[in-house]
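These notes are about the structure you will find just below.
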Amino acid sequence: MEPSKDERSSIGMFLVPALTIAFFSTMIVESITSIFLVDLATTFFGVSDSVSLAITGQLVTLASLVSVVFGILLGVLSVRFDHKKLLFFGVFCIALGALGCFLAPDFFFMQIFYPLEGVGSVAVSAMSLALIGELLVLTKRGRAMGWLLSGASIAGILSSVVIYFFFSNAQGWRPFLLWFALPIALVSLTAVFFGVPSASQRLISTGENVYLKTFKQVLLNKSSAACLIANMVRHTIVAYAMVWAVTFFRDSFGLSISSGSLFTMGNLSLFTLGSIVGGHLVNRIGRKRQIVLMLLVASPALIAAAFIPNLWISVVLHYAFFFVSSMGYPASMSLTVEQVPDSRGTMMSINAVFITLGLALGAAVGGVALVFGGWVSVLLSFAALSLIAVAIYFFFTKDPCA
């Protein structure tokens, strides 16, 4: 049983900050497989040649596979267990993963502890979004989603700055985990424990057929299934921003590493701003209408960038694309969390699986398009995927709150 409207209105002021801090913690440990990938390879293999880098990079693949499996399991666990406890478990996994990676004597132990970060991230993202749907009144959910989603991009910005100023030496990845990632995870544990309402505020469902019934509600409902597929397709765009955008500028315009880092920080800053602004617009525009509108407006910028050989114009077009599309992010998550009100935990757990698959799909699509058609093909492919997501949202989803 969900809290009544009056109970939701009385939820403490620390709920959204606590969930945002938890979301923030999901992006910290990941820095070691991006910024510190060369250093990880050198630490465990003695060299940073192509073979050792390729092997070390598979930590991300392993974490993604574990995340998908755990996301499905989480869909079951969220029926039986309180969502706050699952959220706390997720942050605990992130803390344990950070500590384990710091202490790892060899690559074998890294393969054990690094995937814990993926497990924790899935639990934190799914349960945080589900709790917002359960504990806040409808008019406050969109704004809360915006702040929550901005936490991940703020973490990316802050991690880059902290690494640049304090942990940029050759063996900086272990001190980074000990003095930054682990304390952030511990602060998140404290914030979740004290800032998120206790389990007594909701009734945990049990019964013989409740698990099967819950998955049927999520997967056999046309609108909820369409939301999952559309979110997967939409997150290929996030993969473009994470994997391909900087490489496009470095390869096409000869951008340096430092300039590429500045571009990424600008991108993350715009994503943060777009998420917050988008969260404030949800109640005015509407969930479905906002995500469709923002992706429709954003896509032409990426199409234009594919054919304009000027660096600064291309940067502006990319920033416009990322900013406008990010304003649709809170709307898409708000639309998703409202699809199956009685099974929000399972819905958002399966959604986390589809998002992970979308990121993997984006990385694969970019690689294939680059090999067969060059960068023009890459940008047009992601613009097309953006429009495909628009079509799915528009024709197959319904906003239950409209």
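Test L262 against the stated conditions and say whether it is out of contact with any Cys (no Cβ under 6 Å at 6 or more places or on another chain), farther than 29 Å from Y393 by Cβ and assigned by TED's automatic domain parsing to the domain that holds Q290.
In short, yes.
Answer with yes or no whether R284 is basic (K, R) and modelled with pLDDT under 85.
No: the conditions fail for R284.
Go over the candidates S125, S153 one by one and state the one that is among the hydroxyl-bearing types (S, T, Y), closer than 17 Å to A331 by Cβ, touching a Ser or Thr at 6+ places or on another chain (Cβ under 6 Å) and part of a helix (DSSP H, G or I).
None of the others qualify; the one that does is S153.
Within region 280-320, track down each residue that is of a type in the set (V, I, T) and without any contact (Cβ under 8 Å) to a residue 24 or more places away in the chain.
Answer for region 280-320, where residues must be of a type in the set (V, I, T) and without any contact (Cβ under 8 Å) to a residue 24 or more places away in the chain: I308, I313, V316.
Among the candidates L96, L62, L86, single out the residue that is part of a helix (DSSP H, G or I) and either over 27 Å from P175 (Cβ atoms) or of a type in the set (K, R) (or both).
After ruling out the rest, the residue left standing is L86.
Taking helices (runs of 4 or more DSSP H) that fall entirely within region 209-324, which contain at least 3 residues that are more than 29 Å from M347 (Cβ to Cβ)?
245-253, 257-285, 287-305
Take the residues in region 360-402 that are part of a loop (DSSP other than H, G, I, E, B) and not hydroxyl-bearing (S, T, Y), then tell me which one is farthest from M333 (Cα to Cα).
For region 360-402, the residue satisfying everything is A402.
Select from region 325-348 the residues that are among the polar types (S, T, N, Q) and in a helix (DSSP H, G or I) and list them in ascending order.
Those that are among the polar types (S, T, N, Q) and in a helix (DSSP H, G or I): S325, S326, S332, S334, T336, S343, T346.
Cβ contacts < 7 Å: first residue in contact (Cβ under 8 Å) with a residue 24 or more places away in the chain, restricted to region 88-117; second residue outside any helix (DSSP H, G or I) and crowded, with 18+ Cβ neighbours inside 10 Å, any location; separation 6+ or different chain. Result?
From region 88-117, the pairs are I94/T26; M110/A104.
Yes/no matrix, rows are residues, columns are (1) buried (at least 23 other Cβ atoms within 10 Å of the Cβ); (2) of a type outside the set (K, R); (3) touching a Cys at 6+ places or on another chain (Cβ under 9 Å); (4) more than 30 Å from G374 (Cβ to Cβ):
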site	(1), (2), (3), (4)
L311	no, yes, no, no
H318	yes, yes, no, no
P341	no, yes, no, yes
T346	yes, yes, no, yes
N351	yes, yes, yes, yes
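Report yes if some residue within region 94-103 is under 25 Å from T33 (Cα atoms), surrounded by fewer than 18 Cβ atoms within 10 Å (Cβ to Cβ) and β-branched (V, I, T); otherwise report no.
Taking every residue of region 94-103 in turn, none turns out to be under 25 Å from T33 (Cα atoms), surrounded by fewer than 18 Cβ atoms within 10 Å (Cβ to Cβ) and β-branched (V, I, T).
The values are calculated or read from the model by the stated rules, or taken from the named source; none is laboratory data. Predicted, not measured: the structure shown is a model, and the values here were computed from it. No Cβ is skipped: glycine too gets one built from the backbone with ideal geometry, and neighbour counts run over all protein chains shown.
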